[in-house]
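Below is one structure; the comments refer to it alone.
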Amino acid sequence: MPEIIYQFYGGVHPPQAKISSQDAIVSAPLLERYVIPLQMHIGAPARLLVQKGNKVLRGQMLADASAFVSAPIHAPTSGLIKEVTTCLGVLGTQLPAVILESDGEDTPAEPLAPIPNWQDSAPADLLRRIGDAGIVGMGGAAFPTVIKLSPPPEKKIDTLIINGVECEPCLTADHRLMLESPDKIIAGMQICARILGVKRILLGIEKNKSDAVDLMRNKTQDTSIQVCALDVRYPQGAEKQLIYTLTKRKVPTGGLPMDIGCVVQNVASVYAIAEAVIDGTPLYQRITTVTGTPLQSPGNWRFRVGTPYAEAIRLAGGVTEDPVKIISGGPMMGVAVYSLDIPITKNTSGILLMSGAEVSQYQSKSCIRCGRCNDTCPMQLMPGILSVQIENESFDLAESWHVMDCMECGCCSYICPAGRPLVQHMRRAKADVTALHQAAKAAKAAKEAREAKEAAKEAKNSPASAPGKK
Amino acid sequence: MQAVVILLSTGVLAGLAIALVVKFFGVQSDPLLEEVAALTPGANCGGCGYAGCAAYADAMVSGEAKPGLCPAMSEDNVKKISALLGVTSEVRVRKVAVICCRGDDDMATRQAFYNGINNCRDAMQVAAGAKTCTYGCLGLGACARACPYGAIEITSKRLAVVHPELCVGCGKCVQTCPKKLIKLVPASAPLHVLCSSPEKGVTKRKACKAACIGCQKCVKAAGEGQIRMNGFLAVINYGDPPSAEIASSCPTGALSASIAGTEQSGPENEVINA
Amino acid sequence: MSENEIRMPDTSRLIVSSSPHFHTTDSVSKIMLWVIAALLPVTAVSVWHYGLPALEVIFFCTAGCVAVEVLCARLMRRPIEINDGSALVTGLLLGLNLPPGTPIWICLVGALLAIGLGKMVFGGIGCNPFNPAIVGRVGLLIAFPQTMNTWMTGPDAYTTATPLKMLSDAHLAGQEGATNAMSEMLSQVSYGDWLLLNQHGGSIGEISALALILGGILLIALNIIRWQIPFFYILTVAVFTGLAWLSDSSLYAPPQYHLLSGGLLLGAFFMATDMVTSPVSRTGAIVFAIGCGIITCVIRLWGSYPEGVSFAILIMNALTPLIDRMTAGKPFGAPKKKGLKL
């Protein structure tokens, strides 16, 4: 099949700064203490299964999925549950968490039964395994994978897209993973394809990772997997943009990829799927890039979840100068944090330190309407005009200008010559519009309930007013 | 001459057209409604529970709502409306907003410099505002901007404070505050617990010098049932408020009168009878 | 490596902000500096040709604009933002839009009108609906018609007949039956000279079409202005006047006459492209440019003013919010739009 690559609208070319792309993945040493948040995924926090003082083994389930959109959490090592408490999350809020004190033995729990002959297993069994292993989207959003892989029967899926784009500058974890464990990734892709029953598998990799493209092409020669080398442009790896680039299909507004027959999985997620299915290892570790110019020796490590950021920085040799920003994730969509006590979770793709020279502060000057945000917005919105509306708190106006379609990729803020924090405006508007909708819905429900009550009262009153009742 | 004729006839025609439009499409307004609407404060704060003053006036005239729901209306106007509509109004306890945080820059520490939009609701999206106490006031003035009566001030040390003499208790700020720090309390209550953090006393103390550290001294000093503990946070029973003297029992000053403005002014309980 | 050799970061002075954490190195002041750079060729040519009278006008307009901005910011108790260079650009453009030898006090009044009335009353940079330099120019044009219509053709040589005024007169004569008025007037024109150095009189910035085009190309190459605006503006004027010329060449001048005369090139490259007052999107820019072209032609061919570029741009400035709204594209993945969104 000839390789056809389409061009998505907009996008920017930030500096790549992938300084750790040649550093092989190193397994981080065992720590004495892990802080494991019970919410490492989108959806409801997991339901705790252990108590203070319990002994747990590596890979033992600490908390189980508590709702449809939720995922279980497993112990990263063996040891004692020291405390059930809260810990600081990347968003600056307190999350429920358990503190696990390692016993140094790292004794594995009874593993989930490996399924080496997955080619013959029923898709339902494979799905259940993925759910039990607590696998979530490891690209950043941390949406439970099992939901993505079980589309409702009326949605006909014909294409599985694997996201090896890693378009975020600085991050190299997925790149290294593809170079070092291509076979596991390919197995993972085939497991996903078997679950979904699709024949067409596309693996998208940006051209700046030509070694990974060549290796994956080599390894997939006699499979149905098609490796596509994509132009380097941010946000090539955004789900909707990647689907468009590879298939020319557009995810409808408010819709999901499955609406147009596609499922997208990150390479780190399919790797975790392969580990869970073939080896029976649940998801309690991940590859994270620790990078940035202030660091002594940036690199890629395999961390167990619950490792505090401080430990990651210590492994990277500490710093040569004090950073001005510490970011969880990449520089375009990552979250600035202020504490090194925050633990690495299932979706921490990178820890980035920025020096004072690299950090430019938001000025929040007036918009000069240059229209560059408009040209770069991959969702074809008008961020400049929206931000002025949002500054005036005209949220319904902003909604009619499609603010809810914003995916917060950051292209507009990156390009803005006036240094306006456009993404922050969008994020605020999205939160407030959602809140307004919820309030309106609640008000409507309350009104209906009141009317129903009144109607019932009237119905009760009319027989009461009939003669002879009182 | 021609010009004069043309102008005159245009004027006459336009006048006729307006008269006809008014005659056939004009909306008859209810004089009673207009009178009632004129007595509403016109700030459209929504404190009555309706979309604005006009909507509330409409509801009063149609008998759906009673006069006296409006927190900003003077006693006189409530009486006038009640007389106009021939109904009795409700007993009203004057309420004011209080910001349950005393953690200004002198008291509370910040973990990082926040760089972004100067609004609490925006700052919430960035590390929750980066204050050490994740429950504390960010002092970026979302409530002050939302207040239709200008009753909230942001001090130079980045803390929002309510001026009770200006506050009418409409509750706009309560909805706006992203940290959910603002409560509506009876204006007569002399003391408030100006802390909202449910954390342990030690943790709170590290983050803020003015936190309620859960020492329970006030509970002992107050009368039976006037103050109770909710976890590590003292809670005032506004139905039976403690007297102002026991503020001295609080080692951190978290238990205090409203920290803005002068002494509480205005009538304590407005009882309105028509 | 032992534990104490590792230096851990000091987390007490961190900054937190919203993503993204990388930013372009471009800034408003850089953009404005490039615009000034693009205007330098034409400024240099005019100063070389007219000498002191042009330099004076340009200097006092620029200095006046900066001064008025500082003054207004002070009065309005707003931060002074002259560092962004937008007042400089406005001043330079205003100067280039005035006749050489304009009295200094009129230049200063122009600066007051441009920055005070055109920009600061709306809240400063980014908030003005109309191009400030044009507000200044049009204000002066209405207030001082005599001064604003006396032009230098060279050092110490004055005329009141710019090419467009001559055209307008010839057009009127043609309408009254003098069929040879137009051809007589056109026979005096040498397009080559015009392109390089305008000897026929006009605003300071109309001195050299070539210098303007050079500057415009620089801005387009740097992606500072949208190429759509000058391209479609000039194209519309060419097509419109071309059609008129083809219909009756004894009554209308050929398109090249219209393209090179008056402030069309200055307007198309530097005034209509003002970011603040032109539509945000590419489609909007095209609509805007075509609108400017049509209005310019209508005023030039049938209006009482010989020149219509300033008015055309002002009128289209007023329509910009509407154009923005109408050309707001549908987002990626949205269903096909039905009808016009108004």
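Below are the figures for this structure:
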{"quantity": "Inverse of mean 1/r across different Cα pairs in region A:296-363, Kirkwood, Å", "calculated": "12.4"}
{"quantity": "Cα gyration tensor shape for region B:95-272, rounded if a/c is under 1.5, else prolate or oblate", "calculated": "oblate"}
{"quantity": "Too-long pairs where the Cα-Cα distance tops 23 Å, listed order kept, from A:K148/A:K240; A:K430/B:K157; B:K179/B:K204; A:K325/B:K209; B:K172/B:K209; A:K18/A:K430", "calculated": "A:K430/B:K157; A:K325/B:K209; B:K172/B:K209; A:K18/A:K430"}
{"quantity": "Positive dipole terminus of region B:30-92, leading residue within B:T88, B:L32, B:C53 (C-beta point charges)", "calculated": "B:T88"}
{"quantity": "Carbon and sulfur %, accessible surface of region B:30-92 computed with the full protein complex present, 1.4 Å", "calculated": "51"}
{"quantity": "Protein accessible surface hidden between B and A, which excludes ligands and nucleic acids, total in Å², probe 1.4 Å", "calculated": "1600"}
{"quantity": "Residue-averaged 222 nm ellipticity for chain A, from DSSP H runs of 4+ at -39500 (n - 2.57), nearest 500", "calculated": "-9000 deg cm²/dmol"}
{"quantity": "Three-way shape call for region A:365-459 based on the alpha-carbon gyration tensor, with the a/c threshold at 1.5", "calculated": "prolate"}
{"quantity": "Given A:K447/B:K79; B:K131/B:K180; A:K365/B:K180; A:K248/C:K330, the pairs whose alpha carbons are separated by over 21 Å", "calculated": "A:K447/B:K79; A:K365/B:K180"}
{"quantity": "Exposed GluC sites (Glu not before Pro) absent: longest stretch of chain A, with sites in DSSP loops and at most 14 other Cβ within 10 Å deemed exposed", "calculated": "A:155-470"}
{"quantity": "Of C:P145, C:P41, C:P321, the one that fluctuates the most in a GNM where chain C has Cα springs shorter than 10 Å", "calculated": "C:P145"}
{"quantity": "Overall form of chain A per C-alpha gyration tensor (a/c, 1.5; a/b vs b/c)", "calculated": "rounded"}
{"quantity": "Where the Cα pairs of the protein assembly as shown fall when distances are cut into 10 Å bins, in %", "calculated": "2, 9, 14, 17, 17, 16, 13, 8, 4, 1, 0, 0"}
{"quantity": "Heavy atoms of A:K457 accessible to a 1.4 Å probe, total area in Å² rounded to 10", "calculated": "130"}
{"quantity": "Quotient of C-alpha Rg and 2.2 N^0.38 Å, computed over region A:1-110", "calculated": "1.48"}
{"quantity": "Cα coordinate range in region C:28-148, projected on the principal axes (Å, largest first)", "calculated": "40, 32, 21"}
{"quantity": "Residues of region C:28-148: accessible area per residue with a 1.4 Å probe, Å²", "calculated": "40"}
{"quantity": "28 Å Cα-Cα reach of A:K453 towards lysines, excluding residues that sit fewer than 8 places from it in its own chain", "calculated": "A:K441, A:K444, A:K469, A:K470, B:K66"}
{"quantity": "Cα-based reach from A:K156 at 15 Å (exclusive), listing aspartates and glutamates while leaving out same-chain residues under 8 positions away", "calculated": "A:D259"}
{"quantity": "Within chain A: Cβ-based charge dipole about Cα centre, in debye rounded to nearest 20 (Lys, Arg +1; Asp, Glu -1)", "calculated": "1480"}
{"quantity": "Among B:F232, B:F113, B:F25: highest mean-square fluctuation, GNM of chain B, C-alpha pairs under 10 Å", "calculated": "B:F25"}
{"quantity": "Nitroxide proxy distance, nm - points 7 Å out along Cα→Cβ at A:K199 and B:F113", "calculated": "6.0"}
{"quantity": "Accessible area buried between chains C and A, both sides summed, probe 1.4 Å, in Å² to nearest 100", "calculated": "5300"}
{"quantity": "Candidates C:S310, C:S12, C:S203, ranked by Gaussian network fluctuation over chain C, Cα under 10 Å, top entry", "calculated": "C:S12"}
{"quantity": "Peptide A:88-94 - average C-beta neighbours from other chains (10 Å radius)", "calculated": "5"}
{"quantity": "Distance between modelled label sites at B:S248 and C:I142, nm, 7 Å Cα→Cβ extension", "calculated": "7.2"}
{"quantity": "Relative contact order [Cα under 8 Å, 6+ residues apart], region B:30-92, whole percent", "calculated": "30"}
{"quantity": "Segment B:N230-B:L84, length gained on full extension (0.36 nm per residue, minus Cα span)", "calculated": "47.9 nm"}
{"quantity": "Distance-filtered residues of region A:80-111 - backbone nitrogen under 16 Å, label point 7 angstrom along A:E180 Cα→Cβ", "calculated": "none"}
{"quantity": "Sum of -39500 (n - 2.57) over DSSP H runs of 4+, divided by residues of chain B (222 nm, nearest 500)", "calculated": "-8000 deg cm²/dmol"}
{"quantity": "Whole-number percent relative contact order across chain A, with pairs defined as alpha carbons under 8 Å at least 6 apart", "calculated": "17"}
{"quantity": "Computed FRET value (nearest 0.05) for A:A455 with A:Q226, which takes r as the C-beta separation and R₀ as 56 Å", "calculated": "0.35"}
{"quantity": "Average Cα contact separation per residue, chain C, under 8 Å, 6 or more apart, as relative contact order %", "calculated": "16"}
{"quantity": "When region A:389-434 is reduced to its Cα atoms, the Kirkwood hydrodynamic radius in Å", "calculated": "10.7"}
{"quantity": "Cα lying deepest toward the dipole's positive end in chain C, options C:P163, C:A285, C:P254, charges on Cβ", "calculated": "C:A285"}
{"quantity": "Förster radius 30 Å - calculated FRET efficiency between C:T159 and C:S247, Cβ distance, rounded to 0.05", "calculated": "0.50"}
{"quantity": "5 angstrom amide H check on A:A63, placed H, neighbours 5+ away", "calculated": "A:L49, A:I73"}
{"quantity": "Under 15 Å from A:K460, Cα to Cα: aspartates and glutamates that are on another chain or at least 8 residues apart", "calculated": "A:E451"}
{"quantity": "Per residue Cα convex hull volume in Å³ - calculated over region C:162-326", "calculated": "102"}
{"quantity": "Modelled FRET efficiency - R0 60 Å, C:I82 with A:T93, Cβ distances, 0.05 increments", "calculated": "0.90"}
{"quantity": "Highest to lowest packing among A:218-226, A:138-146, scored as the average C-beta count within 10 Å", "calculated": "A:138-146, A:218-226"}
{"quantity": "P(r) histogram, all alpha-carbon pairs of region B:30-92 included - 5 Å bins from 0, percent", "calculated": "4, 22, 37, 28, 9, 0"}
{"quantity": "Computed over region B:113-152, Kirkwood Rh from alpha-carbon pairs, angstrom", "calculated": "10.6"}
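The values are calculated or read from the model by the stated rules, or taken from the named source; none is laboratory data. Everything quoted here is computed from the prediction, not taken from an experiment. A quick note on method: Cβ atoms are made from the backbone with ideal geometry, for glycine too, and the neighbour counts reach across all protein chains shown. For the accessible areas, the whole protein counts, side chains as well, though only heavy atoms, and no ligand, DNA or RNA atoms are used. Shrake-Rupley method; radii C 1.70, N 1.55, O 1.52, S 1.80 Å.
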